[in-house]
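Read the figures in this text as sums done on the coordinates, not as results from a lab. Just so it is clear, the structure is predicted and the values come from calculations on it, not from any experiment. All Cβ positions, glycine included, derive from the backbone under ideal geometry; neighbour counts span all protein chains shown.
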């Protein structure tokens, strides 16, 4: 599974009685002289304190980790560097555009009875019909929708002492196009009265998978789905040992027998990894079976955070693409690029250097950004001749001791 990195981090933090002991010892040894450098790995407990399942593009680590460092390492001095390792969830942008209906599973269900059909004048066949789903008169009052007016009448009589915000999914029989089907609408108690709410879809659980497939929207696994798959039904989630790729393809094949080659469905599922998190997977039917074709991925990332006067800030490289003026500055304007042989000792501006390319970089950055602070990193992009052609190359450098060196 792609969640390996996160699980590993949790396992590593669980092996010691006090995972911060070594860190505090190191800090204590240097606290008296001010700044300290140390490493820290984000734990599952930290994520719970943050109140999010994962770091991702909507829950950025640079907005949350500083407060953690402030709380855990308040004794270190300004200028301290914390090397923090954390799991980052890469979400496919297409997943974020998928519609997932709000089924509101906490809704109370209300089924219209025969007596209630009688009470609102629909007792001849014990159902509503297409003529009710329009404006008209009910109980001598002009209403925007007769069906809604009838349901609100039923709820007002049938629900004892409703509280503000109470929600009901009302199920009723409905005649249209020569047949009767069960339909539903959601109503909320607001300001002392029942009103229809379009925020929820009260479709029965048994119908939701087929509906999602037909409409091309996302499907979130229900408890009845985990139960149908066997072992995942024990806790209504997947986990290590019950991986989604071992169950989802067969589950969809059984429940969507009419699928055609090329059909796609995005499924949202629960996965236990110390706590229950939710993930997306895209499955495609190849004509014989469903195959997971796209999943979210996780990466274990290590970044440096520096303590300032008030808080911690992440240290990230500043992107910079060399210009024609930069090549001219270091007299490389014949071809306006650097080359493989520049990564060797040579003479630059009359001085022997170990690496000509780094010498060029120092001249360029010192000229362009003379006020750069120690520890600042630049991600440089430049044209580079590799012996067979010119390509774009990147180089990460950091200002260390007044000199730019490869980071």
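Of note:
- Rounded Å value of the spacing that divides the Cα centres of region 163-177 and region 356-407: 66 Å
- Normalised contact order of region 317-406, rounded percent, pairs of Cα under 8 Å and 6 or more residues apart: 30 percent
- Dividing the summed -39500 (n - 2.57) terms of all DSSP H runs of n ≥ 4 by the residue count of the chain sets its mean residue ellipticity at 222 nm at -7500 deg cm²/dmol.
- Between helix 356-368 and the chain: long-axis angle, C-alpha atoms, 0 to 90°, nearest 10: 70 degrees
- With only the Cα atoms considered, region 108-197 has a convex hull volume of 95 Å³ per residue.
- Of all DSSP bridge pairs formed entirely within the chain, close to 75 percent run antiparallel.
- Working note: Debye formula, equal point scatterers on the alpha-carbon atoms of region 291-354, no solvent; log10 I(q)/I(0) at q = 0.18, 0.21 Å⁻¹ is -0.85, -0.93.
- Semi-axes of the equivalent ellipsoid for region 59-208, Cα gyration tensor, largest first, Å: 51, 19, 13
- In this rough spin-label picture, where each label sits 7 Å from Cα along the Cβ direction, the residue 245-residue 161 distance is 5.5 nm.
- Along principal axes, Cα extents of the chain, largest first, whole Å: 103, 55, 47
- Folded to 0 to 90 degrees: helix 4-13 orientation relative to the chain principal axis, Cα: 70 degrees
- Antiparallel DSSP beta bridges within region 108-197, percent to nearest 5: 75 percent
- For the chain, averaging the sequence separation of C-alpha pairs within contact (under 8 Å, six or more residues apart) and dividing by the residue count gives a relative contact order of 14 percent.
- Stokes-Einstein diffusion coefficient of region 317-406, Kirkwood radius over Cα pairs, 10 °C, 1.306 mPa s, in µm²/s: 119 µm²/s
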